[in-house]
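J.: Handing you this structure, nothing more for now.
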Amino acid sequence: MSHTILIGAQWGDEGKGKVIDVLAQKSDYIVRYQGGNNAGHTVRIASNKFVLHHIPSGILNPKSRCIIGNGVVLDLDAFFDEVKMLESRGVSVRGRLFVSDRAHIIFPYHRLLDQLREERKGAGKIGTTKRGIGPCYADKASRLGIRICDLLNPRVFQRRLAEALEEKNELLKKIYHYKPYSFEALHKSYAFLRSKIKPFVCDTHLLLEEAGRKKKRILFEGAQGTLLDLDHGTYPYVTSSSATAGGAISGSGVNPSKIDGVIGVVKAYTTRVGEGPFPTVFPKALLKKIQTLGEEFGATTGRPRRCGWFDAVVVRHAVCVNGLTKVAVMKLDVLDTLPEIKIGVAYQCQKKKIYHFPADLEILEKAVPIYETMPGWQTPTTAARKVGDLPKNARNYLLRLEQLIGVPIWIISVGSDRSQTIVVNGKL
Ligand code: IMP
């Protein structure tokens with residue numbers, strides 16, 4: 001496959017970083033196309049742990065080139081912190097990391113507004129990462145955003161920043177009773193960042209077009225997950241970008257007819273960070289146990305993730321809106337000790353049984369999951385390296401997931417290390 005999209009098929013944090021790392025070894029280009037530094041992709045190589053928020057995880061493969069596409073919102077301070085971290089750990093980025101001149105910039109006022117809006121909402125908050133993602137995409141849609149190419153042009157930047165601040169400062173003063181930003185101070189600090197970012201910037205869709213012509217293998221690295229997608233997720237408890245496969249097209253400028261595979265990543269159970277409905281959430285004791293076993297704490301904010309049973313309704317929705325061609329099932333080993341395992345197969349909504357994911361959150365909040373229960377395997381799987389090494393009940397569980405979602409399982413992960421990966425060749 002030459003153009004592959006990799007997508008989170010639940011509420012994010014599925015373990016995409018590890019799958020990307022595996023795939024990156026066979027990819028010439030890795031492209032981030034949406035979101036910003038709200039993402040947190042963790043990759044473990046032997047005893048080294050890397051957490052990347054902005055830069056594609058594929059940067060850890062020295063042969064790959066990495067692109068931050070036009071659909072990404074970029075926090076320049078966070079970007080340079082990451083460049084510094086990678087370089088200090090011996091990962092070269094210069095000449096192999098490219099930033100789209102059309103990507104929008106996250107400014108300090110976006111971060112502040114994200115925080116102030118959340119505080120103002122009180123109990124009704126979204127539970128954002130407070131990285132300024134929503135306010136930055138809102139400015140993009142309102143045509144008040146500032147792109148990398150605008151920063152590179154001092155005259156345009158001066159004008160655009162003045163226009164943006166005029167509105168933001170009014171908002172801050174009148175609605176939030178907060179002190180306004182100084183144009184001069186912001187202008188000065190971004191003039192400094194202008195020369196720093198310049199060597200990374202290019203028209204990345206042209207780079208991708210050329211790569212396509214040369215038959216290079218391109219991997220599109222999705223951030224967050226389908227249920228956090230602005231259109232297809234649990235709105236308003238979503239992020240502000242297109243975290244589904246369609247986002248890879250608009251967020252990179254790649255020709256859609258080139259895409260030849262969409263891989264979904266799921267956990268063997270479900271997790272969610274932030275607010276919003278979660279039908280298959282575990283009862284308290286099991287929640288604590290899986291949070292600990294699965295180290296379910298956000299890579300970006302450190303917040304504990306809510307955990308629950310695998311929800312086939314959610315993943316079928318992801319299969320449908322992304323056109324998934326295969327899936328990777330992560331963290332199977334976290335379920336190793338459970339005597340029995342449930343799978344949510346449908347929802348009971350008052351007198352109706354539903355098999356699709358509802359748009360109306362009131363329906364979702366009242367939905368009672370219908371479960372199938374399977375026996376656990378109660379045997380460690382962390383040393384398994386091929387399907388045949390897995391206990392029979394674990395294989396049966398995976399087979400049932402495959403049947404319920406209607407897409408073949410291609411990778412099974414049984415631990416955080418690169419080596420703890422099973423590639424399914426043929427049938428389970
Ligand atoms: P925002 O993207 O910071 O605006 O947050 C909106 C929602 O998306 C919140 O529920 C966040 O917790 C969630 N979110 C954003 N990024 C991620 C991620 O990378 N993994 C999981 N949840 C995320």
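The values are calculated or read from the model by the stated rules, or taken from the named source; none is laboratory data. Bear in mind the structure is a predicted one, so any value in this text is a computation, not a measurement. Positions of Cβ are generated from backbone atoms using ideal geometry, with glycine treated the same way; all protein chains shown enter the neighbour counts. Protein only, heavy atoms only, side chains kept; ligands, DNA and RNA dropped before computing areas. Shrake-Rupley method; radii C 1.70, N 1.55, O 1.52, S 1.80 Å.
J.: Report, by residue number, each residue of the stretch 219-253 that is closer than 14 Å to His3 by Cα and either open to solvent by 40 Å² or more (accessible area, probe 1.4 Å) or in a loop (DSSP other than H, G, I, E, B) (or both).
T.: Within the stretch 219-253, Gly222, Gly246, Ile249, Ser252, Gly253 qualify.
J.: Quick one: what pairs do we get from the stretch 238-255, first residue within 16 Å of Leu74 (Cα to Cα), second in a loop (DSSP other than H, G, I, E, B) and more than 16 Å from the ligand (Cβ to nearest atom), C-beta under 9 Å, 6+ apart or different chains?
T.: Partner pairs satisfying both residue conditions: Gly251/Gly69; Gly251/Asn70; Ser252/Gly69; Ser252/Asn70.
J.: When you scan the stretch 32-40, do you find a residue that is of a type outside the set (Phe, Trp, Tyr) and more than 21 Å from Ser242 (Cα to Cα), even just one?
T.: no
J.: Can you name the residue in the stretch 130-149 that is crowded, with 24+ Cβ neighbours inside 10 Å and outside any helix (DSSP H, G or I) and is also farthest from the ligand (Cβ to nearest atom) among such residues?
T.: Per the criteria, the residue is Gly132.
J.: Given (1) farther than 16 Å from Tyr33 by Cα; (2) touching a strand residue (DSSP E or B) at 6+ places or on another chain (Cβ under 7 Å), identify the lone condition not met by Thr234.
T.: (2)
J.: Looking at the stretch 279-389, what strands (runs of 3 or more DSSP E) fall wholly within it and have at least 1 residues that are within 16 Å of the ligand (Cβ to nearest atom)?
T.: 306-308, 326-330
J.: Failed condition for His110, given (1) more than 19 Å from the chain's Cα centre (by Cα); (2) assigned to a loop (DSSP other than H, G, I, E, B), with all others met?
T.: Of everything listed in (1) more than 19 Å from the chain's Cα centre (by Cα); (2) assigned to a loop (DSSP other than H, G, I, E, B), His110 misses just condition (2).
J.: Of these, Lys284, Lys216, which one is open to solvent by 20 Å² or more (accessible area, probe 1.4 Å), more than 19 Å from the chain's Cα centre (by Cα) and outside the structural domain of Ser27 (by TED's automatic domain parsing)?
T.: Lys284
J.: From the list Arg96, Arg111, Arg102, Arg120, exactly one residue is within 20 Å of Val238 (Cβ to Cβ) and either surrounded by 15 or more Cβ atoms within 10 Å (Cβ to Cβ) or in contact with a Lys or Arg (Cβ under 8 Å, 6 or more places away or on another chain) (or both). Which is it?
T.: Step by step, each of Arg96, Arg111, Arg102, Arg120 is checked, and only Arg111 is within 20 Å of Val238 (Cβ to Cβ) and either surrounded by 15 or more Cβ atoms within 10 Å (Cβ to Cβ) or in contact with a Lys or Arg (Cβ under 8 Å, 6 or more places away or on another chain) (or both).
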